[in-house]
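Student: The structure's right below; bear with me while I get my questions together.
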Amino acid sequence: MILVTLVAAATPTSDVSVRGMIREAREIILQSGGQLWAGYPKIPLPVLLIDEKQERLFCGQPAAGFRPAGIDRVTGCPVQRRPRQLPVDLAAATDLDQQSVIEIGLPSAVGLSRPEWIVTLNHETFPSISGEYPEL
């Protein structure tokens, strides 16, 4: 019983929990990113969250094939949606409509605990910022 509880706590599954993790990852960069690179906290970091049925673009510019879905109450970001096209176990930095985006599946799909998922999300920002912002 204890093991099941620990595993469930280690791999968040609720939508609100995962959106909270996006918010937390962004807060880490805002609060501490300047210690890595001076302009890091000012760089936009759109996140494409992939689940079984859809992909949601948080904090990104309007992108072709996505429809607006309002402002997310947990992240505070504008959200856009489209039916799922990408693998659910993806964690990568890429370009989407001329903007760098972090594509990432739910923690359970990529096999990561809450802290591992947040670190992975922030880690994936490095390739995009080093290419787009060589001055950092």
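Student: How far, in nm, would the chain grow between THR94 and SER17 when pulled straight, counting 0.36 nm per residue and subtracting the alpha carbon separation?
Tutor: 25.3 nm
Student: Using a 7 Å offset from the Cα along the Cα-to-Cβ direction at both GLU116 and GLN85, what is the distance between the two label points in nm, to one decimal?
Tutor: Reported label-point gap for GLU116 and GLN85 is 2.9 nm.
Student: Convex hull over the alpha-carbon atoms of the range 41-136: what's its volume per residue in Å³?
Tutor: On the way: hull volume 9.6 nm³, N = 96.
Looking at the range 41-136, the number lands at 100 Å³ per residue.
Student: Here is a follow-up. Sorted by accessible area with a 1.4 angstrom probe, largest first, how do THR120, THR125 fall? The partial results should precede the final answer.
Tutor: Numbers: THR120 35, THR125 5 Å².
Listed by decreasing accessible area, they come as THR120, THR125.
Student: Oh, and also: Where only protein heavy atoms count, and the probe is 1.4 Å, what is the accessible area per residue for the range 42-136 in Å²? The partial results should precede the final answer.
Tutor: Values: 4930 Å² over 95 residues.
On a per-residue basis, the range 42-136 sits at 52 Å².
Student: Heavy atoms only, probe 1.4 Å: what % of the accessible area of the range 39-105 goes to carbon and sulfur, would you let me know?
Tutor: Numbers: 1690 of 3410 Å².
Answer for the range 39-105 is 50 percent, counting heavy atoms of protein chains only.
Student: In whole Å, how far is the Cα centre of the range 87-130 from that of the range 12-38?
Tutor: 12 Å
Student: Using 7 Å Cα-to-Cβ label points, what is the LYS53/ILE28 separation (nm, one decimal)?
Tutor: Using points 7 Å along Cα→Cβ, the separation is 3.0 nm.
Student: Once you have the Cα-Cα distance between ALA38 and ARG67, take 0.36 nm times their residue separation minus that, and quote the gain in nm to one decimal. If you can, show how the numbers build up before the last one.
Tutor: Values: separation 29, 0.36 × 29 = 10.44 nm, distance 3.39 nm.
The ALA38-ARG67 span can extend by a further 7.1 nm.
Student: Right, next: Given a 1.4 Å probe and the protein chains all in place, what does the accessible area of ARG84 round to, in Å² to the nearest 10?
Tutor: 90 Å²
The values are calculated or read from the model by the stated rules, or taken from the named source; none is laboratory data. Small disclaimer: the values here were computed from a predicted structure and weren't measured. Using ideal geometry, Cβ is built from the backbone for each residue, glycine included, and neighbour counts are taken over all protein chains shown. Side chains included, ligands, DNA and RNA excluded: accessible areas come from the protein's heavy atoms. Shrake-Rupley method; radii C 1.70, N 1.55, O 1.52, S 1.80 Å.
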